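As structure tokens, the structure follows; a few thoughts come after it.
The values are calculated or read from the model by the stated rules, or taken from the named source; none is laboratory data. All values reported here derive from a predicted model rather than from experimental measurement. Every residue, glycine among them, receives a Cβ derived from its backbone with ideal geometry; neighbour counts consider all protein chains shown. Heads up: the accessible areas ignore ligands, DNA and RNA and are worked out on the full protein's heavy atoms, side chains in. Shrake-Rupley method; radii C 1.70, N 1.55, O 1.52, S 1.80 Å.
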Amino acid sequence: MSPAQSLPPASSRTVWNWLIVALPILTSILAFGYLADWQRIFPQIVQLMVDDVARVDRPTYDSAESMREFMSLFFEPFFSPWLWTSFILGWGAYAASVRFAVLDVRALTGRGFFQPFPWAWTFLSPLVYVIGRHVVVRRQGSAERAPLMVSVISQSLAFVAMTYWTVVLTMQALELMLPMVFAR
């Protein structure tokens with residue numbers, strides 16, 4: 001009797017799989033914090049540009065002072081604690097996802113799953129690992145769908161929210177810049 005024809009293996013539920021699902025959710029929350037900070041600064045940068053264009057023709061215009069003010073606002077998002085926290089924790093979550101995938105494969109092998117989905121796919125994306133893992137354990141008799149559904153739904157919601165935020169920032173920029181374009 002081949003391993004594929006043997007009795008169904010034990011449960012495919014592992015804490016490692018759930019941690020792989022949870023880490024992208026946590027990093028998405030950090031990314032939203034950074035975007036909220038960026039949304040606070042972005043209109044100020046655009047408004048400064050609009051005001052600067054309006055002041056160019058004045059005899060008291062100081063381009064060096066204007067550039068210093070613009071550069072301090074421009075670089076503020078790059079030194080934001082939100083950016084560096086999400087950057088460092090994002091890479092940490094990426095590394096942890098790979099480690100959790102290794103532990104998940106070991107746990108599945110110990111529970112009788114024949115050739116679990118390779119953990120190295122996590123390097124591409126934790127979502128790829130969760131989907132591939134689901135396909136492989138499903139073929140071997142597991143009916144668990146929750147980690148896959150949570151992962152796909154959370155990634156989809158994050159994508160929709162990021163798209164929305166991009167549209168909002170673009171609209172804010174256009175709202176501030178269009179009067180400047182048509183004023184000349």
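Would you check if residue 14 is among the β-branched types (Val, Ile, Thr) and at pLDDT 80 or above?
Details: among the β-branched types (Val, Ile, Thr): yes; at pLDDT 80 or above: yes.
So residue 14 passes the test.
Inside the range 125-136, can you point out the residues that are surrounded by 15 or more Cβ atoms within 10 Å (Cβ to Cβ) and either under 18 Å from the mean Cα position of the chain (by Cα) or not in a helix (DSSP H, G or I) (or both)? Even if it seems obvious, please write down each step before you answer.
First, the residues of the range 125-136 that are surrounded by 15 or more Cβ atoms within 10 Å (Cβ to Cβ): 126-127, 129-134, 136.
Selection gives 126, 127, 129, 130, 131.
Looking at the range 154-173 only, could you name the residues that are within 27 Å of residue 128 (Cα to Cα), exposed (fewer than 12 other Cβ atoms within 10 Å of the Cβ) and of a type in the set (S, T, N, Q)? Listed by number, the residues that qualify are 156, 163, 166.
When you look at residue 120, is it outside any loop (DSSP other than H, G, I, E, B), open to solvent by less than 30 Å² (accessible area, probe 1.4 Å) and out of contact with any Gly (no Cβ under 6 Å at 6 or more places or on another chain), yes or no?
Numbers: outside any loop (DSSP other than H, G, I, E, B): yes; open to solvent by less than 30 Å² (accessible area, probe 1.4 Å): no; out of contact with any Gly (no Cβ under 6 Å at 6 or more places or on another chain): yes.
No; evaluated as a whole, the condition is false for this residue.
Testing residue 95 on (1) out of contact with any helix residue (DSSP H, G or I) (no Cβ under 9 Å at 6 or more places or on another chain); (2) in a helix (DSSP H, G or I); (3) farther than 19 Å from residue 22 by Cβ, one condition comes back false. Which one is that? Only one criterion in (1) out of contact with any helix residue (DSSP H, G or I) (no Cβ under 9 Å at 6 or more places or on another chain); (2) in a helix (DSSP H, G or I); (3) farther than 19 Å from residue 22 by Cβ is unmet by residue 95, namely (3).
Given the residues 104, 52, 57, 62, which is the only one that is at negative phi, among the acidic types (Asp, Glu) and modelled with pLDDT of 90 or more?
104
Can you pull out the residues in the range 107-158 that are more than 30 Å from residue 34 (Cβ to Cβ) and of a type in the set (A, V, I, L, M, F, W, C)? Correct list: 107, 108, 113, 114, 117, 135, 136, 137, 143.
Within the range 137-160, track down each residue that is among the small types (Gly, Ala, Ser) and outside any helix (DSSP H, G or I).
Within the range 137-160, 141, 142, 143 qualify.
Looking at the structure I just gave you, is residue 139 open to solvent by 70 Å² or more (accessible area, probe 1.4 Å), more than 30 Å from residue 50 (Cβ to Cβ) and more than 25 Å from the chain's Cα centre (by Cα)? Taking the combined requirement at face value, the residue satisfies it. Scanning the range 100-117 for residues that are open to solvent by less than 30 Å² (accessible area, probe 1.4 Å) and among the aromatic types (Phe, Trp, Tyr) returns a single hit, 113. Residue pairs whose Cβ atoms lie under 7 Å apart, sitting 6 or more positions apart in sequence or on different chains, and linking a residue in the range 122-149 that is under 15 Å from residue 15 (Cα atoms) to a partner that is hydroxyl-bearing (Ser, Thr, Tyr) and surrounded by 17 or more Cβ atoms within 10 Å (Cβ to Cβ), are 126/97; 129/122; 130/151; 144/12.
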